[in-house]
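What follows draws every value from the coordinates through simple rules; no lab data is involved. This is a predicted model, so every value here is computed, not measured. So basically every Cβ, Gly included, is an ideal-geometry build from the backbone, and we count neighbours across all protein chains shown.
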Amino acid sequence: MKNKVDHPDFWDEIYKNNSAGWDMKSPTPAFIDILKDKKLSPSGKILILGSGYGYDAVEAAKHGLEVTAVDISETAVSFSKQLAENNNVKLNFIVDDFFNLPQKYSGYFDAVYDYVTLCAINPARREEYAAMVSEILKCHGKFIALLFPVEDRPGGPPYGLNVDAVSAIFTKYLSLKITTDKINTIKPRRGREVLQIYSKQC
Ligand SMILES: C[S@@+](CC[C@H](N)C(=O)[O-])C[C@H]1O[C@@H](n2cnc3c(N)ncnc32)[C@H](O)[C@@H]1O
C-alpha cells in the first residue's frame, strides 16, 4: 500500500522547512562508539542509508572508511556535501531512492548502516528493505542497525519497531550476530534504542 513516506517530496519538504525533528546536529553516540571499537568497527566501503544531514557519514569518513551516503532528499544531501567539505573529508553522495541501489551496487559494500531510517520507511516495505540491504552487501558484510524507536506507537513516521519482528524479517536474509540495548544514547532516547549487527552468509 502506498504511503506518503514513499515520496521524495515528503522528505525534501521537511528539510526545506527546517523541521527535521529527529536531527541531533551531531553524530550518533553509539555509532561513534562502534567506530572506535576495534572488534565492532567495519572497514572498507560503508553505506549510510537515509543519511539525512550527514553527521554519521562524515564521522565514518573521519575514521578512514570509504563512505557512500544515500538520501532521497536533495536538500539533505546538499547540506551533507557542505558538512563534508567543512570537515575536509571526501564522501560519495547519491541522491536516490535506496530501493534502487541493487541495480548498481549488488555485492558492493563491506558494511551498511541504518539509524532512524528503518522506522521512517513504509512499514509494508520492511521485507523489501531487508532484501535490498542483503543484496548490496558483500559476502560477510555487516549490517549495523541502530533501531529506534523500539516501542509501540500509533502512526508514523517514525513507525515503532518491535525488535523481535525486525529480527524475524532480517534473519530471512542475514545472520544476527549482536543484539544489545547497552548502548550510549542521548537522554530522550534512553531505553528506546537497540543495536543489532547482522552478517551476510554466503
Ligand atoms: C528520519 S530521517 C533520519 C536521517 C538520519 N539517518 C539521521 O539519523 O539523522 C530518514 C531519512 O531517510 C531518508 N529516506 C526516506 N526514505 C528514503 C528512500 N526510500 N531512499 C533514500 N532515502 C530515504 C529521508 O530523506 C531522511 O533523510
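Summary of computed values
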read-out	value
Label-point separation in nm, Arg190 to Gln103, each point 7 Å along Cα→Cβ	4.6 nm
DSSP-defined antiparallel bridges as percent of all bridges, the chain, nearest 5	35 percent
Partnerless Cys - the chain, beta-carbon criterion under 4.7 Å	Cys119
Efficiency of FRET from Cβ geometry, Met1 and Val95, R₀ 25 Å, rounded to 0.05	0.45
Theoretical gain in end-to-end length, Glu151 to Trp22 [0.36 nm per residue, Cα-Cα removed]	44.8 nm
Förster-model FRET efficiency, 22 Å R0, Glu74 and Glu135, C-beta, rounded to 0.05	0.35
Spacing of the two label points (7 Å from each Cα toward its C-beta) at Gln82 and Ile169, in nm	3.3 nm
C-alpha center-to-center spacing [region 1-39, region 128-158] in angstrom	13 Å
Label-reachable residues, region 100-121, where backbone N falls under 14 Å from a point 7 Å from Ser43's Cα toward its Cβ	110-111
For the chain, alpha-carbon Rg and Dmax in angstrom	15.5, 44
